[in-house]
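Quick notes on the structure that follows.
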Amino acid sequence: MLRTIGSIIPFAAFADATWKPLKILAPALLAVLTAAAQTGPVVLQSPDQALEISIATVRGDAVQPAGGQLAYRVTFRGQPVLEWSNLGLVMDVSPALGTAVRIESSQASSQNEIWTPVAGKASPIRNHYNAVTVQTVEMAANGRRLNVEARAYDDGVAFRYVVPDQPLVHELRILNESTQFRFSKDANTFPLISRGFETSNEDDYHELAISGLHPEYLVNLPLLLEVPGIAWVGLTEADIEDYSNLYVTASAVSRTLAARLATRVEDVNTNTNIAPSFDPKADASKVSVIARTPVRSAWRVLMIADQPGRLVESNMVANLNPPSVIGDDSWVKPGKTAWDWWNGSQAKGVGHAGMNNETMKYYIDFAARNKFEFMLIDAGWAAGLAAAPGSSRRGTDLTKSIPAIDMPALVEYAKSKNVRLWLWAHFRDMYDQMDDAFGQYEKWGIAGVKIDFMDRSDQWMVNWYRTTAKKAAEHHLMVDFHGAFKPDGMGRTYPNVLTREGVMGAEYNKWSARITPRHNVMLAFTRMLAGPMDYTPGGFDNATRENFVARNRAPMVMGTRAHHTALYVVFESELQMVSDSPDAYDGQKETEFLKAVPSSWDETRVLNGVPPKYIIIARRKGAEWFVGSITNWDARDLDVPLNFLGSGSYDAEIYADGPNAAAQPKDSVFEKRRVNAQTVLKLKLAPGGGSAIRLVPVR
C-alpha cells in the first residue's frame, strides 16, 4: 500500500495472500501520486501494513513540500524506528546531490512471486513487497536529477539511489553518501568495529549504545540494533554491483549513524596485510565510486521485527538481488566437505602426513565413508613461483601441482568414491591467472575454488567478485570467497557462489582464545544476517575456558561437544566444513549427526533466543527437521515446543550435554524418543553448551 498525506490508496493485489507472480503499475494511481507528491511525503507501506517508509523534503524535522533536504523516516506498528534521516550523494563537486531538491513525481508498483534457490536457508522463497520510485530534481540552475527506489516488505524496508543519465551528468565521482540512520531512541548496538576499509572483517562483536560509539569507529555491516520497546533492526546492504561497500560511523547528530563508503584502492597489489587505519577527516576527501550514468547504489537494508530471531529468518537480502544469470545451474551442489588445513593435516596411519597423495586420499576416504560430498585441498598443493619484483610473497602456479600431488589421479580417485574436490587459491595468484586456472580446473574436474586474502571492500574488489563468479560459472566451478567482505545476496544472481568468510571463525582457535561460546551466539544474530558464513565448524577437541590452549596443530575449541555439533544447524553455509581430523570423528556418536545434517534448507525458524545469550534454531529439509541450541558461558534450562512439526509422530535423535559437561566438555549423551507437535522438549545446557536434534517422521 502506498499513500500520500490526506489519502490512503490501497492496491487490491497487496492484500492477496496467494503466491502467484504479480507486478502492478496502475496509471490512474500514478496520476494521483504525481499530483499529490507536491503536498506531502510519499508514504509506502508493507503488504501487512505494519511497516512504513516515508520520503519527503524537509528542513530539520519539518516537511517542506516545496523542496529542501531529501529525507526518509520509518515506522513499525505505528511507532517511530527512524526519524527524518538525510538522503543524498556527496560528489567531488559541490553541493551534495540531495541537499536542495524537490520531489517531481513518484511511481508505485508491487511484486508477489515465489522463486526457488539452488541452495540456502529456505526453499521456495516468497518475494512480496510494495515499491515506489521517487524522482527528484535539484532546485539549483543545473537541475541535476536523483531518484530513490524504495521497497517495503513485511520483514523490513530497503532503498537505493539511482542517478539517471542526463544532459549534464554522465560520470560520477562519489566521495560518500549523505545517508543517515537517525534512530528514535538511543538504540543498543552490537557492532563489529573495523580498523580500516582493507579488512578481512574478522573481529569481536561488542555491545554499545549508539551514544557510546566514537566518531573514529568504523562499524562494519551487518549491524544488529535494538530500539527499546519498538523493534529489533538489522542494518546491511544488498546487490552491491559496481559500487563500494557501506560502513557506518557515529554522527554528531544525536542517535544517528552516518554512511561511510569504502574508498578506492588504486593499486591492486596493495599489501592488504598492513591496512591503513580509518581516518574520518582524511578519508572524507577520497573517492569511493567512479561510474558512468545510470548509476545505482546497493540497496540499504533495514530488516525490522519485534524479535531478533525474526531477522535471522528474513530473506530480504536475497530477494533484493536479481534472478540467476548463469542459465543451467544443475551442476551447482551444496554439501559438506572434509578439510586438511585446520587440524594440521593429521592422518592416523599415514607415514608422512602432509600435502601429498597419501594424505589427501586419507581425507577423501573419510569424506566417502561419511557421505560428505567434497574434500577441500587447502594451501600448499600448487607449484611455486618466484616472488614478483618488489614483493616478498612467493606466488604459486595455479595450473600445476607440486610433485607430491597428482591432481588428475586424486580427482579420479575421489570420483570413484563419489567425492569431488575443491582447491584453495590466493587472491593475487587468482587475479593473475584466473582464465588459465579456471580452464585447468574444468579439465581436471574440480568442483570449486576457495579464494582467500582479498581483504578489501572497495568498488574494484566488488567488481572483481562479480567477474570471478561469472567466469567460474562459465567453467562449472563453485566459489567460496574467504578473506572476504560480507555477503550481499549475490548467491541469487550467481548461485555457484555458495558461501564466504568475512567472520572471525574457528581458525582463530589455532592462535588465540577469542572464539568463545558467547562469540558463537553473537554471530548467529549479527554476521549471519547478511548470508552464509564460512565459520568452519567441527572442532571435537572440546575444552573448558580454563583448560583451553591455543595451538596450531590439533587445535582445541571452547564449549561442549554438543555445542559444536549444534553449530551445523545454527550456522548457515551451503559449503559446510567438517574441520577436524578424520581421527577425531571415528567412533564418536555425534558423527552420525554430521552424516545426516544437510547444508542447505527448505525452511528456517528461530524458536527462541536473546543476543548474545542463547539461540534455538529449527531448520527443515524435506520432511526432516533439525534443531540446534547453543548458549554462552551461562548454564541454561530451555523449553523447546515442537509445535512447528507436521501431523503424526517423529523419532527425535537428541545429542545433548552430559551430566559432567561443565567440567568435561566432551561428555555428551544420546537419547532417542518418540515426539509429536504437542511435545515440549526440556533441554539442560551446560556452560558453553548446546544440543543437536534430528527429527525424523515415523513412516
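Kindly indicate the residue of segment 265-283 that is in a loop (DSSP other than H, G, I, E, B) and buried (at least 18 other Cβ atoms within 10 Å of the Cβ) and also modelled with the lowest pLDDT among those meeting that condition. Spell out how you get there, then give the answer.
Initially, segment 265-283 is screened for residues in a loop (DSSP other than H, G, I, E, B), giving 265-279.
Still in the running and buried (at least 18 other Cβ atoms within 10 Å of the Cβ): 265, 272, 275, 278.
Details: 265: 89, 272: 47, 275: 53, 278: 78.
So, considering only residues that are in a loop (DSSP other than H, G, I, E, B) and buried (at least 18 other Cβ atoms within 10 Å of the Cβ), the one modelled with the lowest pLDDT is 272.
Could you pull out the residue among 554, 566, 543, 550 that is crowded, with 24+ Cβ neighbours inside 10 Å and either under 14 Å from residue 668 (Cβ atoms) or modelled with pLDDT of 95 or more (or both)?
On the way: 554 fails: crowded, with 24+ Cβ neighbours inside 10 Å; 543 fails: crowded, with 24+ Cβ neighbours inside 10 Å; 550 fails: crowded, with 24+ Cβ neighbours inside 10 Å.
When all the criteria are applied, what remains is 566.
Working only within segment 302-329, note down all residues that are touching a helix residue (DSSP H, G or I) at 6+ places or on another chain (Cβ under 6 Å) and under 30 Å from residue 629 (Cβ atoms).
Within segment 302-329, 303, 305, 308, 311, 318 qualify.
Taking segment 480-533 as the region of interest, how many residues are in a helix (DSSP H, G or I) and under 17 Å from residue 237 (Cα atoms)? If you could, list the steps in order and put the result at the bottom.
We begin by selecting, within segment 480-533, every residue in a helix (DSSP H, G or I); these are 490-493, 506-510, 517-525, 527-529.
With the extra rule that they be under 17 Å from residue 237 (Cα atoms), the set shrinks to 490-493, 525, 527-529.
So the count comes out to 8.
May I ask you to list pairs of residues, at least six apart or on different chains, whose Cβ atoms are under 6 Å apart, with the first in segment 351-362 being surrounded by 19 or more Cβ atoms within 10 Å (Cβ to Cβ) and modelled with pLDDT under 95 and the second being in a loop (DSSP other than H, G, I, E, B) and not hydroxyl-bearing (Ser, Thr, Tyr)?
none
Determine whether residue 669 is surrounded by fewer than 22 Cβ atoms within 10 Å (Cβ to Cβ), aliphatic (A, V, I, L, M), more than 27 Å from residue 369 (Cβ to Cβ) and touching a residue at least 12 places away in the same chain (Cβ under 8 Å). Talk me through it step by step, then tell me what you get.
Values: surrounded by fewer than 22 Cβ atoms within 10 Å (Cβ to Cβ): yes; aliphatic (A, V, I, L, M): yes; more than 27 Å from residue 369 (Cβ to Cβ): no; touching a residue at least 12 places away in the same chain (Cβ under 8 Å): yes.
Here the answer is no, as residue 669 does not meet what is asked.
Which condition does residue 559 not pass, out of (1) within 19 Å of residue 341 (Cα to Cα); (2) in contact with a helix residue (DSSP H, G or I) (Cβ under 6 Å, 6 or more places away or on another chain); (3) not polar (S, T, N, Q), if it passes all the others?
(1)
Say whether the condition of being under 30 Å from residue 291 (Cα atoms) and touching a strand residue (DSSP E or B) at 6+ places or on another chain (Cβ under 6 Å) is met by at least one residue in segment 226-235.
Here is the first cut: in segment 226-235, the residues under 30 Å from residue 291 (Cα atoms) are 234-235.
Narrowing further to those that are touching a strand residue (DSSP E or B) at 6+ places or on another chain (Cβ under 6 Å): 234-235.
Within segment 226-235, one or more residues are under 30 Å from residue 291 (Cα atoms) and touching a strand residue (DSSP E or B) at 6+ places or on another chain (Cβ under 6 Å).
Which of the residues spanning segment 634-661 are aliphatic (A, V, I, L, M) and either at positive phi or assigned to a strand (DSSP E or B) (or both)? So that I can check it myself, show each step before the final result.
Initially, segment 634-661 is screened for residues aliphatic (A, V, I, L, M), giving 635, 638, 640, 642, 645, 652, 654, 656, 661.
Hits for segment 634-661 are 638, 640, 652, 654, 656.
Among the numbered criteria (1) within 19 Å of residue 535 (Cα to Cα); (2) assigned to a strand (DSSP E or B); (3) under 19 Å from the mean Cα position of the chain (by Cα), which single criterion is violated by residue 606?
(1)
Is it true that some residue in segment 199-216 is assigned to a strand (DSSP E or B) and within 12 Å of residue 248 (Cα to Cα)? Walk me through how you get there before you give the answer.
Filtering segment 199-216 for residues assigned to a strand (DSSP E or B) gives 205, 208-209.
Next, only the ones that are within 12 Å of residue 248 (Cα to Cα) stay: none.
Among the residues of segment 199-216, not one is assigned to a strand (DSSP E or B) and within 12 Å of residue 248 (Cα to Cα), which makes the answer no.
What's the total number of residues in segment 201-238 that are under 14 Å from the mean Cα position of the chain (by Cα) and either crowded, with 23+ Cβ neighbours inside 10 Å or aliphatic (A, V, I, L, M) (or both)? Steps first, answer last, please.
Here is the first cut: in segment 201-238, the ones under 14 Å from the mean Cα position of the chain (by Cα) are 201-202, 220-224, 234-238.
Subset that is either crowded, with 23+ Cβ neighbours inside 10 Å or aliphatic (A, V, I, L, M) (or both): 220-224, 234-238.
Selection size over segment 201-238: 10.
What strands (runs of 3 or more DSSP E), lying completely within segment 1-119, carry at least 1 residues that are modelled with pLDDT of 95 or more and of a type in the set (Phe, Trp, Tyr)? I'd like the intermediate steps shown before the answer.
Details: elements: 2-4, 7-9, 42-45, 51-59, 69-76, 79-86, 89-91, 101-115.
Strands (runs of 3 or more DSSP E) meeting the threshold: 69-76, 79-86, 101-115.
Test residue 674 against the criterion of being without any contact (Cβ under 8 Å) to a residue 60 or more places away in the chain, charged (D, E, K, R) and out of contact with any Lys or Arg (no Cβ under 6 Å at 6 or more places or on another chain), and give yes or no. Write out each step before concluding.
Values: without any contact (Cβ under 8 Å) to a residue 60 or more places away in the chain: yes; charged (D, E, K, R): yes; out of contact with any Lys or Arg (no Cβ under 6 Å at 6 or more places or on another chain): yes.
Considered against the rule, which asks whether it is without any contact (Cβ under 8 Å) to a residue 60 or more places away in the chain, charged (D, E, K, R) and out of contact with any Lys or Arg (no Cβ under 6 Å at 6 or more places or on another chain), residue 674 comes out as yes.
When only residues in segment 152-166 that are in contact with a Lys or Arg (Cβ under 9 Å, 6 or more places away or on another chain) and within 26 Å of residue 47 (Cα to Cα) count, which is surrounded by the most Cβ atoms within 10 Å (Cβ to Cβ)? It would help to see each step written out before you state the result.
Let us first name the residues in segment 152-166 that are in contact with a Lys or Arg (Cβ under 9 Å, 6 or more places away or on another chain), namely 155, 157-166.
Checking the rest, the ones that are also within 26 Å of residue 47 (Cα to Cα) come to 155, 157-162.
Working: 155: 23, 157: 29, 158: 26, 159: 23, 160: 20, 161: 25, 162: 17.
Only one residue tops the list, namely 157.
Count, please, the residues in segment 577-617 that happen to be basic (Lys, Arg) and under 18 Å from residue 688 (Cβ atoms).
Looking only at that region, the number is 1.
The values are calculated or read from the model by the stated rules, or taken from the named source; none is laboratory data. Quick caveat, the model's predicted, so the values are computed rather than measured. As a convention, Cβ positions derive from the backbone with ideal geometry for all residues, glycine included, and neighbour counts pool all protein chains shown.
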